[in-house]
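One structure is given here, and the rest of the page talks about it.
The values are calculated or read from the model by the stated rules, or taken from the named source; none is laboratory data. As the structure is a computational prediction, the values presented were derived from the model and not from experiment. Every residue, glycine among them, receives a Cβ derived from its backbone with ideal geometry; neighbour counts consider all protein chains shown. Just so you know, the surface numbers come from the protein's heavy atoms only, side chains and all, with ligands and any DNA or RNA stripped out. Shrake-Rupley method; radii C 1.70, N 1.55, O 1.52, S 1.80 Å.
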Amino acid sequence: MHIQIPYTPRPLQAKLHEDLDKHRFAVLNCHRRFGKTILVILHLIKKALTNDKKNPRYYLIGPTFVSIKRVCWDYLKQYAGCIPGTTFNETELRCDFPNGARITLMSGEDPDRMRGIYADGICVDEVSQMNPKLWHEILRPAISDRHGFAYFISTPAGMSNIFYDLYQYALSDPKWLAYTAKASETNLVEQEELDAAKAQMGESKFLQEFECDWVANVTGSIYGNIIQKLEDNKQITRIAYDPSLLVNTAWDLGYGDNTAIIFFQQVGNQIMIIDFYENNKEGLPHYVQYIKDKDYVYDEHYAPHDIEVTEFSNGKTRREIAYQLGIRFRILPKLPLEDGIHNLKMVLPKCWFDAEATKPLVAALRHHHRKFNDKMRIFSAKPVKDFSSHACDAARYMAISLSELPRQKMAEQQTAENDYAIHTEK
């Protein structure tokens, strides 16, 4: 039977349908009015009609029952209603096809209600509003026995949600599709309308909803725009350790709080950040042992100037303790905070990050920001001290090491004596 559904995808949607057919997992970060909801509904209908397994089951999940019904139910009836023999259950928001396949709209408000289901395919809409438990504990097991697919669609809502985590994972796993569609690049919404929306919404909300910006809602972000460009340039990806190159480390040593360590290699002018570690309330021996347990071959270990501070307990500096444990630190020059931030801004465009191993570091760099003083109408001079501080301090020290120490390590150029005179014996 030939079935024709009245749906003509836009070129970008058509290409995305092809990409979805090639990937079992996909995270779609698409701007408002892109048409992502219609796209996934049509994709679910196609999969339901072409599945030859017994009683295929597909689910389209939204943050609330009201929202999933309002946004998706009419679309599903409109397009699936053209298929002879298809029936709809208004109470259960269920569409049953003549081949036994079924698409059900469900709410993610109470994840436990979905325990025990099986699925050939799942699409989660507005993922940024979802409980992480929904995917990790319920939906992922539900697709295992039938090797079902899972698609996640949303616009960003900062970095403290599962949508951001899934997108970062998708960047690091070639089996996943990580796709971003910005309004400024798709040209699906007229520029005049975008300008009007920006004027009404404000820049931050506009960037979040139409430009798919992860840090738009972080006022005063210091490195957020640079990290976004790195992501757009595919510089946050999978980076393999190159055993032919030595590994350097840059440390932010905490005193009673977090210590952060960045592992990086230099390839010409490019900086490959291959690993990151952060912990707290551990002594220096713990961190020394941690880096020794790695299979890396090290060159230099860089630490800030305050490693020379003497500890009252034993009268030794941390540098001396590290030396006794087998680590010889190179001490970085003390620079004003703004100079260090400037150095890092200059270095970051040349950096490549391993998306999985350095995920906490990338998140910290995105989030690091200055607080805005509403009364004075200015941003604070110092960044806000929060979870991002130690990781970003370690990154600053890495940048300082790259800008300062190469000149220090270069030996003075030696020249051969060539002031010769030719003497003729008489």
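So what's segment 164-260 giving for Rg/Rh, alpha carbon basis, Kirkwood Rh from the mean inverse pair distance? Mind dumping the intermediate values first?
Values: Rg = 18.2 Å, Rh = 16.6 Å.
Taking Rh as the inverse mean 1/r over Cα pairs, Rg/Rh reads 1.09.
Once both axes come from the Cα atoms, what is the angle between helix 162-172 and the longest principal axis of the chain, in degrees from 0 to 90, rounded to 10?
60 degrees
Once you order the gyration tensor axes a ≥ b ≥ c over the Cα atoms, which shape class does segment 157-204 get: rounded for a/c under 1.5, otherwise prolate or oblate by comparing a/b with b/c?
On the way: a/c = 5.37, a/b = 1.86, b/c = 2.89.
It comes out oblate by the Cα gyration axes.
How much of the accessible area of the chain, in percent, comes from carbon and sulfur atoms when a 1.4 Å probe is used?
On the way: 11090 of 22160 Å².
On the chain, the fraction of accessible area on carbon and sulfur atoms equals 50 percent.
Would you mind calculating the relative contact order of the chain from Cα pairs under 8 angstrom and at least 6 residues apart, reporting the percent as a whole number? Working shown, then result.
On the way: 714 pairs, mean separation 61.8, N = 426.
Across the chain, relative contact order equals 15 percent.
Hey, can you rank 154-164, 324-334, 49-59 by average C-beta count inside 10 Å, highest first? Let's see the in-between values first.
Numbers: 154-164: 19.9, 324-334: 14.4, 49-59: 15.9.
So the peptides 154-164, 324-334, 49-59, ranked by packing, come out 154-164, 49-59, 324-334.
Tell me, what is the FRET efficiency for ARG113 and ASN89 to the nearest 0.05, using R0 = 22 angstrom and their Cβ-Cβ distance as r?
Details: r = 17 Å, r/R0 = 0.77.
Approximately 0.85, to the nearest 0.05.
Roughly what % of Cα-Cα distances in segment 211-266 sit above 14 Å, to the whole percent? Don't skip to the answer; put the middle values down first.
Working: 1089 of 1540 pairs.
Everything past 14 Å amounts to 71 percent.
Using the heavy atoms of the protein chains and a 1.4 angstrom probe, tell me the accessible area per residue for the chain in square angstrom. Could the numbers behind the result be given before it?
Details: 22160 Å² over 426 residues.
Spelled out: the 1.4 Å probe surface of the chain, per residue, equals 52 Å².
Take the Cα radius of gyration of segment 91-156 and divide it by 2.2 N^0.38 Å, with N its residue count; two decimals is plenty.
Dividing the Cα radius of gyration by 2.2 N^0.38 Å gives 1.12.
Once you have the alpha carbon radius of gyration of segment 222-380, what is it after dividing by 2.2 N^0.38 Å, with N set to its residue count? Numbers along the way, then the final one.
Numbers: Rg = 17.0 Å, N = 159, 2.2 N^0.38 = 15.1 Å.
So segment 222-380 has a normalised radius of gyration of 1.13.
Past 21 Å, Cα to Cα: identify those pairs from LYS229/LYS350; LYS36/LYS77; LYS182/LYS345; LYS77/LYS205; LYS294/LYS345; LYS22/LYS229, in the order given. Each step should come with its number before you reach the end.
Values: LYS229/LYS350 11 Å; LYS36/LYS77 17 Å; LYS182/LYS345 24 Å; LYS77/LYS205 32 Å; LYS294/LYS345 29 Å; LYS22/LYS229 26 Å.
Going by Cα-Cα distance, LYS182/LYS345; LYS77/LYS205; LYS294/LYS345; LYS22/LYS229 fall outside the 21 Å limit.
Just subtract the alpha-carbon distance of ALA196 and ALA14 from 0.36 nm times their residue separation and send over the number in nm, one decimal. Could you put the intermediate results ahead of the total?
Details: separation 182, 0.36 × 182 = 65.52 nm, distance 2.86 nm.
Length difference between fully extended and current span is 62.7 nm.
Using only the Cα atoms of the chain, what are the Rg and Dmax in Å?
Rg, Dmax (Cα atoms, Å): 27.6, 120.
Quick one: dipole size for the chain, taken about the Cα centre, charges +1 on Lys/Arg Cβ and -1 on Asp/Glu Cβ, in debye to the nearest 20.
Numbers: 52 positive and 55 negative charges, 198 e Å.
Its charge dipole is roughly 960 debye.
Express the Stokes-Einstein translational diffusion coefficient of segment 28-186 in µm² s⁻¹, to the nearest whole number, given a Kirkwood radius over alpha-carbon pairs, 37 °C and a viscosity of 0.692 mPa s. Show your work: numbers first, answer last.
Working: Rh = 16.1 Å.
Approximately 204 µm²/s, per Stokes-Einstein.
How long are the semi-axes of the equivalent ellipsoid of segment 1-62, defined as square roots of 5 times the Cα gyration tensor eigenvalues? Whole Å, largest first.
Values: eigenvalues 84, 46, 27 Å².
Semi-axes (√(5λ), whole Å): 21, 15, 12.
Which log10 I(q)/I(0) values, to two decimals, does segment 103-217 give at q = 0.13, 0.16, 0.22 Å⁻¹ under the Debye formula with one point per Cα?
For segment 103-217 at q = 0.13, 0.16, 0.22 Å⁻¹, log10 I(q)/I(0) is -0.60, -0.83, -1.22.
If you take the C-alpha gyration tensor of segment 49-116, multiply each eigenvalue by 5 and take the square root, what semi-axes do you get, largest first, in whole Å? It would help to have the intermediate numbers written out before the result.
Values: eigenvalues 88, 49, 14 Å².
Output for segment 49-116: semi-axes of 21, 16, 8 Å.
For segment 273-350, what does the convex hull of the Cα positions come to per residue, in cubic angstrom? Walk me through the intermediate numbers first.
Working: hull volume 10.1 nm³, N = 78.
So the per-residue hull volume is 129 Å³.
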